[in-house]
Structure formats: C-alpha cells, structure tokens
1. Which of (1) basic (Lys, Arg); (2) in a helix (DSSP H, G or I); (3) surrounded by fewer than 16 Cβ atoms within 10 Å (Cβ to Cβ) is the odd one out, the single condition LYS271 does not satisfy?
2. Of the residues ILE46, ILE93, which single one is of a type outside the set (Lys, Arg), modelled with pLDDT of 95 or more, in contact with a strand residue (DSSP E or B) (Cβ under 6 Å, 6 or more places away or on another chain) and more than 26 Å from GLY131 (Cβ to Cβ)?
3. Step by step: first the residues of region 199-256, then only those that are under 21 Å from ALA283 (Cβ atoms) and basic (Lys, Arg), then the one that is surrounded by the most Cβ atoms within 10 Å (Cβ to Cβ). Which residue is that?
4. Among ILE223, ILE149, ILE175, which is among the β-branched types (Val, Ile, Thr) and in a loop (DSSP other than H, G, I, E, B)?
5. Look at ASP21 and say whether it is of a type in the set (Asp, Glu) and part of a loop (DSSP other than H, G, I, E, B).
6. Please pick out the residue among LYS199, LYS251, LYS247 that is among the basic types (Lys, Arg), in contact with a strand residue (DSSP E or B) (Cβ under 7 Å, 6 or more places away or on another chain) and either at pLDDT below 95 or more than 30 Å from TYR118 (Cα to Cα) (or both).
7. Select from region 156-176 the residues that are more than 17 Å from GLN200 (Cα to Cα) and out of contact with any Pro (no Cβ under 6 Å at 6 or more places or on another chain) and list them in ascending order.
8. Against the condition at pLDDT 95 or above and under 17 Å from the mean Cα position of the chain (by Cα), how does LEU150 come out, does it pass?
Amino acid sequence: MFYHTPIMLNEVLEILDVKEDGLYFDGTLGGGGHSLGIMRNGGRVIATDLDGDAIAYAGKLFDEEGYEGRYKLVRTNFKNFAEVLDDDGIDKIDGALLDLGVSSHQFDEPSRGFSYRYDAPLDMRMDNRGGMTAYDVVNGYSPEELLKILYEYGEEPFARRIVSGIVRRRETDSIKTTGELAEIIENSVPHRKGGHPAKQTFQALRIEVNGELDGLGEAVEGIIRRLKSGGRLCVITFHSLEDKIVKRTMKTMATDCLCDKSLPICVCGHKAEIKIIKTNKKASEEERNSNSRSKSASLRAAEKL
C-alpha cells in the first residue's frame, strides 16, 4: 500500500544532522518516510500520529527494513509530546520534526472524507476513533460559526455565498457527503482560477474538525525546550495560517529582548533560546514537478542554544 511521500526529506536530514544513536521525535509520522531516513542515518525514533493506519503501516515498514527496537510509535497528537517523552523517562532529545497537514493516504482514501475529488461521507477526522466530524460542523454549526471558520481557516473570499448555499440546503435535508458539499460550493461561487472552488472550504473544515491550529505555537515552543543544546527542530507547513504561527513562535524564541523599543533598557529579561537556521525553504523544482503536494510546502528550522 502506498502511503505518503516524505517532503523535503534530504533537506530535513541535512538540517537534523542525525547523530549515531541519537534520539529524534517525529511528531507527524505519516508513512514513516522521515523517520525511516533518520534511522537509516543511525538515529533512533520516537514518533506520534493520530492515524491508526499510519501507525500500522510505518511499524510494518520499519520492521521489514530491520529497525525493530530502534523506534517507538504512539497513537496520539504530537501536542502530547511531553507526556510521550515523560512516559519513557526521556528528558532531552537530539532533534525533532513536524510535517504538518494531511498525508497523501488520507487525501487519497475516499472513505476518510478529506477530499472533494471523491463522493464519501463527510468525516475528515485524522483520528477516527471518535469526536466531531465534518458532517457535524457542516450541519450543526450556526451560519455565524461557519462564516468564522471559512474566513479564518480557509481565507475564503466567498464565504458568505458558500454559507448561504449550505444553509439553504440544510432547510430541506442534511448534507451527508463530500460530493454534495462540493456541488453546493461550486454552485455558490463564480468561476475562478487556481484549483477547485471547494479547496479552501475543505481546508477550513479539516482544520476545525482536527483542531490543527489549537496549541500549535505552544507545542513548537515546548518541543524546542526538550532539545539538547545544538539539537534542531524542522517544521514543514502547507498553508499560511500554520506558517505564521511557526514563524512567530520561532522569532520570539530567537529574540533576546521583547520590550517596547521606546524603553531605554530591557526590563523583560527575555533571552534567546534558539537561533533560526532556515526560513521559508521551498521544495526543489525537481521535487515540485514529481510530487505536486510539495508545491505549497514551507520548511522552517531552528537550533537550540
């Protein structure tokens, strides 16, 4: 089964500068490509993912590659990294990676309901063991709540038209599938270039269902503080909302003083904890041509002082 092609793998491995027998945290396991690269370079891995398919696939792959005993996989959100590390008595790690967003497998598996390319139940949960689905959001949120997430999480300029279309349909029947929702969106907005008209709405719903932006900055900050001196964190983002949070967090942690510039002396006592070593790195032209999902990827990295 094809699962997911790791994006900017060589760039990530070069930045992490994997140490022999070093311990690395992969917070977004996916198909295991980045973790496998770390182990092939001599490192050990502790990885998390919400998706049970990812855990099963990667574990089988790692064992087949002969890395049994070199990794530990935990089905949980990467934002629970502290608990995962503490459970194994791990204080500091040599490096970490977050490859945010949705895996190719999740997009390409119709039953998961992530894609407008297939007609499937409105789901979009990364962890399908329970919790709110896209169906619950589309059919249960008020018009005001839907407008808010489409504007904020989808940056959708036609949010009001789309919400009006959703509300009209809800008056007669619930919206059950991705195909039904995509059709409503197509009928609600004028023709435009730049991809399917449902793209931004589906992004907004996915972010809402999975709480993708909640606590992201705090997680980046916390992971950095578990790095050994010289340890590095790589974060790959796929849209501006994630990237702004990561950029702002790293910038703050790389700054010595956060006082208002009008003050004659520093009174905050804030000290830089990291140095930024990569900003807004894009995939190579070759990779963008061979893997279309790498086109929107942006890599940022920092090193613990």
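1. Failing condition for LYS271: (2).
2. Numbers: ILE46 fails: more than 26 Å from GLY131 (Cβ to Cβ).
Answer to the check: ILE93.
3. So the residue we want is ARG232.
4. Details: ILE223 fails: in a loop (DSSP other than H, G, I, E, B); ILE149 fails: in a loop (DSSP other than H, G, I, E, B).
Within the list ILE223, ILE149, ILE175, the selection yields ILE175.
5. Values: of a type in the set (Asp, Glu): yes; part of a loop (DSSP other than H, G, I, E, B): yes.
Yes, satisfied.
6. Numbers: LYS199 fails: in contact with a strand residue (DSSP E or B) (Cβ under 7 Å, 6 or more places away or on another chain); LYS251 fails: in contact with a strand residue (DSSP E or B) (Cβ under 7 Å, 6 or more places away or on another chain).
Checking each option against the conditions leaves just LYS247.
7. Filtering region 156-176 for residues more than 17 Å from GLN200 (Cα to Cα) gives 167-176.
Hits for region 156-176 are ARG168, ARG169, ARG170, GLU171, THR172, ASP173, SER174, ILE175, LYS176.
8. Values: at pLDDT 95 or above: yes; under 17 Å from the mean Cα position of the chain (by Cα): no.
No; evaluated as a whole, the condition is false for this residue.
The values are calculated or read from the model by the stated rules, or taken from the named source; none is laboratory data. Predicted model, so just to flag it, every value in this text is computed and none were measured. In this analysis, Cβ positions are derived from the backbone assuming ideal geometry, glycine residues included, and neighbour counts consider all displayed protein chains.
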